[in-house]
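Read-outs throughout are calculated quantities, based only on the coordinates presented, and are distinct from any laboratory measurement. Since the model is a prediction, treat every value here as computed from it, not as a measurement. Here Cβ is always computed from backbone atoms with ideal geometry, including for glycine, and neighbour counts include all displayed protein chains.
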Amino acid sequence: MSVATATFAAMAPQRSKNPPRPLAPGDVVVTWHADLGEWAAAQVTSLDADQELADVLDLDWSGPTRPETLADLGVLRPLAQQAGSWNGRLSHCHHPWVLPRSCTVLVDTFPHLTELRLHGRLGELTNASALNRLTGLRKLTVIGYFGMAAADHVTVAGAPELEHVHLHDVPREYATAMRRAWRPEAANGTYLSVTGARGRGWVAENKDNPLRD
């Protein structure tokens, strides 16, 4: 590799590990739907950092005015398409993870999630303790996210239905707290896998390391 090429490679901008506009799984997003002539709603179910995509589930709701709170949407249900070959399938597809200007947050998490998978590459997960509000959560996967402390761990009281927990590349103190809370629940039917518990030094050393993987 020539010196010029090496210099260019060193100066190349790093790809963002998070959406440019704040967006997280569980967010409910509303936008004006020109064909309906009303506001429509959808929910972000997962993010793919490698492909910079968001999985979006359309919701069976529309209204003439923009909702200001999640309560304004009433009881939310997935939209099942009946026309043509859809035959009742859910309207669930990929979109670029850049949230359009016309969309407003994918103001609260969707409370009835039963499965949540968060895949990042040294991303930052904030307000992780809010997962304790998902009382019907059954499966939780967190890979490659940091920023969580021990106090943010999911508790048995907060997620009493949780039966599958998989953590990899997460902060050591968070991993320890999750082990302490959920390892005894194996006798009650909760599977637990915790690998790649990382200290703060590892995060600092690998955050901008292109050879990390």
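Structure notes:
- Expressed in units of 2.2 N^0.38 Å, where N is the residue count, the Cα radius of gyration of the chain is 1.17.
- About its Cα centre, the dipole of the stretch 131-175 is roughly 80 debye, where the only charges are +1 on Lys and Arg Cβ and -1 on Asp and Glu Cβ.
- Note on Ala130/Ser62: beta-carbon distance plugged into 1/(1 + (r/R0)^6) with R0 of 22 Å gives a FRET efficiency of 0.20.
- When the charge dipole of the chain is built from unit charges on Cβ atoms (+1 for Lys and Arg, -1 for Asp and Glu) and taken about the Cα centre, the candidate among Ala204, Gln81, Ala24 whose Cα reaches farthest toward its positive end is Ala204.
- Förster radius 30 Å - calculated FRET efficiency between His112 and Thr141 (Cβ-Cβ, nearest 0.05): 0.95
- Backbone geometry of the stretch 61-69 corresponds, through the Karplus equation with coefficients 6.51, -1.76 and 1.60 at θ = phi - 60°, to 3J(HN,Hα) couplings of 8, 7, x, x, 10, 5, x, 9, 9 Hz, x marking Gly and Pro.
- A Cβ-based charge dipole, computed about the Cα centre of the chain with Lys and Arg at +1 and Asp and Glu at -1, lands at about 600 debye.
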